[in-house]
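Report on one structure; see the data block that follows.
The values are calculated or read from the model by the stated rules, or taken from the named source; none is laboratory data. Since the model is a prediction, treat every value here as computed from it, not as a measurement. With ideal geometry, Cβ positions are generated from the backbone for all residues, glycine too; neighbour counts draw on all protein chains shown.
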Amino acid sequence: MKKTLLTCIILIFSVLQIFAQQKVAEKGYLLPAVIVDGDTLALVKLPKVYVFPKLKFVTQDEYNKYKKLVRDVKKVYPYVMIAKNTFDEVQMIMDTLPNKKAQKKYIKQKEDEMLDLYARELMKLTFRQGQILIKLVNRELKQSPFEILRELRGGVKAAMYQSMAKVFGEDLKNTYDASGEDKMIERIVLLLEQGSI
């Protein structure tokens with residue numbers, strides 16, 4: 001009797017031990033790993049982290065200009081990402097359309113859709129925010145807005161939009177210079193992307 005009771009208790013504890021080990025394993029993470037000299041090392045891909053030296057402003061006016069630039073970049077950056085995602089989507093769908101006529105129809109339809117969704121909001125942007133938007137579109141798409149318009153809507157439409165931009169003192173052919181005149185915008189975008197600003 002004592003042997004049977006002892007055997008049952010040991011069996012129960014063994015089963016409980018097995019279930020306890022399974023629960024611990026469920027709470028962990030399964031990671032790819034590599035064994036180096038008998039040690040198991042987890043392979044984890046970490047995002048890039050950008051560290052910049054602290055900015056030093058000589059005057060309060062310089063500091064205020066920087067804060068305005070941060071505000072403007074934060075305001076237009078979501079629109080830039082929408083433009084990038086839409087452009088990628090359009091490129092994928094254009095490859096599947098059978099002919100130029102279907103492509104033109106699709107482009108016109110997508111343009112009308114985007115105007116309905118964002119025209120009011122974009123009209124509220126300041127002149128400076130519009131300039132930053134054009135630069136960041138160039139940064140993300142690796143093409144100037146003029147080149148994108150020419151590719152999607154044709155040379156005549158692109159020239160028309162370029163003429164309108166020139167009236168307001170802007171150039172759709174401008175390129176983004178991350179290490180030159182747009183260095184501060186690049187810094188803000190990188191910090192924004194990593195959530196540091």
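What the table below lists for this structure:
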quantity: Pair list, Cβ < 6 Å and 6+ apart or interchain, from the stretch 30-43 residues that are β-branched (Val, Ile, Thr) to residues that are surrounded by 10 or more Cβ atoms within 10 Å (Cβ to Cβ); calculated: VAL34/LEU41; THR40/ALA33
quantity: Cross-chain or 6+ apart pairs with Cβ under 6 Å, the stretch 139-159 first and over 17 Å from GLU111 (Cα atoms), then assigned to a helix (DSSP H, G or I) and of a type outside the set (A, V, I, L, M); calculated: GLU140/LYS84; LEU141/PHE87; SER144/ASN138
quantity: Scan of the stretch 165-180 for residues that are surrounded by 11 or more Cβ atoms within 10 Å (Cβ to Cβ) and either within 23 Å of the chain's Cα centre (by Cα) or within 23 Å of THR86 (Cα to Cα) (or both), ordered by number; calculated: ALA165, ASP171, LEU172, LYS173, ASN174, THR175, TYR176, ASP177, ALA178
quantity: Residue selected from the stretch 95-126 under the condition loosely packed, with under 10 Cβ neighbours inside 10 Å and outside any helix (DSSP H, G or I), by the criterion modelled with the highest pLDDT; calculated: LYS124
quantity: Residue among VAL58, VAL80 that is under 24 Å from ASP182 (Cα atoms) and either at pLDDT below 90 or surrounded by 10 or more Cβ atoms within 10 Å (Cβ to Cβ) (or both); calculated: VAL80
